[in-house]
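What follows is a short report on a single structure.
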Amino acid sequence: MKLTILGTMGAYPTKDSSTFACLLQTPHETILLDCGSGVLMTLDRYVPTYALDRVIISHRHHDHMADLGCLSYAALIDGELGRRKTVLPLHVPERLALGGDAGPWTAQILYDEQTILDLAQGYTIHFQRGRHDAKVFAMSLHQGRENLLTITWDTGWYEELPLFCQGARLLLAECSLYAHQTGLLKGHLSSTQVANLATRSRPKKLILTHLPHFGDPADLVREVQESYCGEVLLATPGMTFQKNA
Ligand SMILES: [Zn+2]
Ligand SMILES: [Zn+2]
């Protein structure tokens, strides 16, 4: 599988990065994980919209789905031109109002904690309800029993999160707040909380993402490293990770 980080920002994009989203490519599927502001423009550097087999949206906040209405238009155009052969499934935690006429080439499919998406060849995606002011789910990609990837998406701290992230080869943790801001914004993790999460879940590699527009995000890495001794990296647009099937 290959994971490409398309953008890294929380809340809104910058000239250098869309909001946080990823492109996941398994042997049989190409999947867009979240579709916030600026994501479609970034996606265009890697794959055409008609290459997408499905889209998974973590929650309804704009920085995670702002481009979804335009993606439904892309699917409509791709379908009418004959270069999209099947309806594009949009996996969503609750029904989303996309505005305009989304057309017949996308279909919203609800998921919850009981859902397991089977991607063939032993790859599955699992979900756990997070703590946020919108219905949000952390997600994990497994191959057999191995946790290849966990993404926390937006969440406040909760006790069940470390177990869900346990032993991930790659843990992408939202890190919206600096250590001194812990608890300032309900529903988001600080560097101190991410360090605690990593200490308890022991990922092979920890990536900090959903980055703030204030302060120096490099400080987030330094703050995590004050109490966590594993590998920590700051997410950058275009960063890729690969594991051969
Ligand atoms: Zn967000
Ligand atoms: Zn949010």
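Quick note: the coordinates plus some simple rules give every number you see, no bench work behind them. Note that this is a predicted model, so its numbers are computed, not measured. A quick note on method: Cβ atoms are made from the backbone with ideal geometry, for glycine too, and the neighbour counts reach across all protein chains shown.
The GNM of the chain, with springs linking C-alpha atoms under 10 angstrom apart, assigns the highest mean-square fluctuation among GLN143, GLN121, GLN225 to GLN121. Residues whose amide H falls under 5 Å from that of GLY38, counting only those 5 or more places apart or on a different chain, are absent, with hydrogens built in the peptide plane.
Here the translational diffusion coefficient of the range 65-111 follows from Stokes-Einstein with Rh set to the Kirkwood radius across Cα pairs; for 20 °C and 1.002 mPa s it amounts to 198 µm²/s. Relative to the Cα centre, the charge distribution of the chain, modelled as +1 at Lys and Arg Cβ and -1 at Asp and Glu Cβ, gives a dipole magnitude of about 460 debye.
Just to be sure I understand: with springs between alpha-carbon atoms less than 10 Å apart, which residue in GLU94, GLU226, GLU174 has the highest mean-square fluctuation in the Gaussian network model of the chain? Result for the chain, Cα springs under 10 Å: GLU226 fluctuates most. Over the chain, DSSP H runs of length four or greater, each weighted -39,500 (n - 2.57), average out per residue to a 222 nm ellipticity of -5000 deg cm²/dmol. Within the range 169-245, which chymotrypsin sites (Phe, Trp or Tyr not before Pro) sit in a loop by DSSP and count at most 16 neighbouring Cβ atoms inside 10 Å? Counting only loop positions with at most 16 other Cβ atoms within 10 Å, the chymotrypsin sites (Phe, Trp or Tyr not before Pro) in the range 169-245 are PHE214. Here each label is just a point 7 Å from Cα along the line to Cβ, and for CYS229 and LEU163 those points are 2.7 nm apart. Taking only the C-alpha atoms of the chain, the Rg (one decimal) and the largest Cα-Cα distance, Dmax (whole number), read 17.0, 54 Å. Cross-link partners for LYS135 among the lysines, with Cα-Cα distance under 17 Å and sequence neighbours closer than 8 places in the same chain left out: LYS186. Using the beta-carbon distance between ALA134 and ALA107 and R0 = 22 Å, what value does 1/(1 + (r/R0)^6) give for FRET efficiency, to the nearest 0.05? Once rounded, the FRET efficiency stands at 0.55. Legend: ranking of residues CYS70, CYS22 from fewest to most surrounding C-beta atoms inside 10 Å; resulting order CYS70, CYS22.
Taking 0.36 nm per residue of separation and subtracting the Cα-Cα distance, what length does fully extending HIS180 through THR30 add?
My answer for the length gained is 50.1 nm.
With a cut-off of 12 Å between beta carbons, the residues surrounding PHE127 carry a summed charge of 0, where Lys and Arg count +1 and Asp and Glu -1. Local charge for LEU220 was computed over the other residues whose Cβ lies under 13 Å away, with Lys and Arg +1 and Asp and Glu -1, and equals -4. Modelled spin-label separation between LYS205 and ILE116, with each label point placed 7 Å from Cα along the Cα-to-Cβ direction: 2.7 nm. Annotation for the range 130-232: trypsin sites (Lys or Arg not before Pro) lying in DSSP loop with at most 14 further Cβ atoms inside 10 Å of their Cβ are LYS135, ARG145, LYS186, LYS204.
Of all aspartates and glutamates in the structure, the ones whose alpha carbon falls short of 18 Å from that of LYS2, not counting any fewer than 8 places away in one chain, are GLU29, ASP34, ASP44, ASP53, ASP118, GLU146.
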